[in-house]
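Visitor: Before anything else, here's the structure in question.
The values are calculated or read from the model by the stated rules, or taken from the named source; none is laboratory data. On a predicted model such as this, the values are computed, not experimentally measured, just so you know. Glycine also receives a Cβ, built like all others from the backbone with ideal geometry; neighbour counts cover every protein chain displayed. These accessible areas exclude ligands, DNA and RNA; they are computed on the full protein's heavy atoms, side chains included. Shrake-Rupley method; radii C 1.70, N 1.55, O 1.52, S 1.80 Å.
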Amino acid sequence: MTEQRTRPRGRGRRPADEVRSEVLAAAGELLLTEGMAGFTFERVSAISGASRTTLHKWWPSRGALAAEAYFRTVAGTLAFPDTGDIAADLTEQMLAFVRLVTDTAAGRVLADLIGSMQTDPELAAAYREHYSAPRRALAVTAIEAARDRGELRDDVDAETVVDQLWGACYHRLLIPDQPLTADFARTLVAQLVHGIARR
């Protein structure tokens with residue numbers, strides 16, 4: 001078992017935003033190290049120095065805390081590019097996602113979260129609020145902007161494009177009949193942008 005650094009509990013009250021940020025950092029570190037199996041309020045409390053009472057006040061379940069911590073941990077890696085070329089931006093975004101979930105522990109954690117949220121409604125709600133909904137909104141905004149500037153057809157439905165691209169990646173992550181690779185990500189975008197019918 002990996003040893004985690006623990007923060008000493010200081011005297012006096014610290015600003016709530018500072019405590020919350022430290023809790024999320026500690027939770028993200030624990031999550032990526034040990035996954036959901038080793039993720040508990042007790043462990044996060046010990047590492048962060050925040051009391052269990054504080055954790056329970058802010059998060060209704062360990063799953064809710066895990067989902068928010070996961071998003072905070074990977075948000076920078078998954079920042080959506082905006083170069084004005086939607087094919088290039090989608091390709092780079094898909095490659096960043098594939099690298100994250102195949103080259104780091106984030107892929108195992110993401111699969112754990114998706115599995116756990118099938119029976120944890122608080123985790124499911126937190127996952128949507130802190131991870132899937134913000135990620136989807138970024139992609140939809142980029143696709144709609146590309147449509148508005150004439151890169152894409154007027155009748156392109158951005159929500160469906162998101163499902164076509166990321167849905168395919170999640171399928172390979174969760175049901176690994178075929179590998180989730182960079183070449184797969186590039187092919188996904190190319191075939192979607194250029195179409196598969198003979199012209």
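Visitor: Amide H of Leu152: which non-local residues (sequence gap of 5 or more, or other chain) have their own amide H closer than 5 Å, using H built in the peptide plane?
Guide: Sorted by chain and number, the residues that satisfy this are Arg147.
Visitor: Quick one: what are the phi-derived ³J(HN,Hα) couplings along region 84-95, Karplus 6.51/-1.76/1.60 with θ = phi - 60°, whole Hz, x for glycine and proline?
Guide: x, 10, 5, 5, 5, 5, 5, 4, 5, 5, 5, 5
Visitor: With +1 on each Lys and Arg Cβ and -1 on each Asp and Glu Cβ, how big is the dipole of the chain about its Cα centre, in debye rounded to the nearest 20?
Guide: 820 debye
Visitor: Okay, next question. At 1.4 Å probe size, with no ligands or nucleic acids counted, give the accessible surface of Ile114 in Å², nearest ten.
Guide: Accessible surface of Ile114 is approximately 20 Å².
Visitor: Could you give each residue of region 181-196 its phi-based ³J(HN,Hα) in whole Hz, using Karplus coefficients 6.51, -1.76, 1.60 with θ = phi - 60°, and x for Gly or Pro?
Guide: 10, 5, 4, 4, 4, 4, 5, 3, 5, 4, 5, 6, 5, 8, x, 10
Visitor: Now for a different question. Work from the charge dipole of region 156-199 (Cβ charges, +1 for Lys and Arg, -1 for Asp and Glu, about the Cα centre) and give the residue of Ile196, Ala182, Tyr170 farthest towards its positive end.
Guide: So the residue furthest toward the plus end is Ile196.
Visitor: Accessible area per residue for the chain in Å², computed with a 1.4 Å probe and the full protein assembly in place, what is it?
Guide: Numbers: 11070 Å² over 199 residues.
Per residue, the chain has 56 Å² of solvent-accessible surface.
Visitor: Pick from Gly35, Gly63, Gly150 the residue whose mean-square fluctuation is largest in a GNM of the chain, springs joining Cα atoms under 10 Å.
Guide: Sorting by GNM fluctuation, first place goes to Gly150.
Visitor: Could you give the semi-axes, largest first, of the ellipsoid that matches the chain, computed as the square roots of 5 times the alpha carbon gyration tensor eigenvalues and rounded to whole Å?
Guide: 36, 18, 14
Visitor: With θ set to phi - 60° and the Karplus curve 6.51 cos²θ - 1.76 cosθ + 1.60, what are the ³J(HN,Hα) couplings of region 109-118 in order, to the nearest whole Hz, using x for Gly and Pro?
Guide: In residue order, the calculated couplings are 5, 4, 4, 4, 4, 5, x, 5, 6, 5 Hz.
Visitor: By accessible area of protein heavy atoms, probe 1.4 Å, what ranking do Asp112, Asp148 get, highest first?
Guide: Largest to smallest exposure gives the sequence Asp148, Asp112.
Visitor: Springs between alpha-carbon atoms under 10 Å, Gaussian network over the chain: tell me which of Leu30, Leu100, Leu110 tops the mean-square fluctuations.
Guide: Leu100
Visitor: Please report the carbon-and-sulfur percent of the accessible area for the chain; probe 1.4 Å, protein heavy atoms only, DNA, RNA and ligands left out.
Guide: Carbon plus sulfur share of accessible area: 51 percent.
Visitor: Quick one: length gained pulling Ser51 to Gln164 fully straight, 0.36 nm per residue minus the C-alpha distance?
Guide: Residue separation times 0.36 nm, minus the Cα-Cα distance, leaves 36.4 nm.
Visitor: A further question on this structure: Scan around Gly49 for amide H atoms under 5 Å from its own, H built in the peptide plane at 1.01 Å from N, and keep only partners 5 or more places away or cross-chain.
Guide: Arg7
Visitor: Using label points projected 7 Å from each Cα along Cα→Cβ, tell me how many nm separate Ala190 and His171, to one decimal.
Guide: According to this spin-label approximation, the distance is 1.9 nm.
Visitor: Then there's this: With a point put 7 Å past each Cα toward its Cβ, work out how far Arg108 is from Trp58 in nm, to one decimal.
Guide: 2.6 nm
Visitor: If you don't mind, there's one more thing I want to ask. Among Pro179, Pro121, Pro15, which one shows the biggest mean-square fluctuation in a GNM of the chain, springs joining Cα atoms closer than 10 Å?
Guide: Of Pro179, Pro121, Pro15, the most mobile in the Gaussian network model is Pro15.
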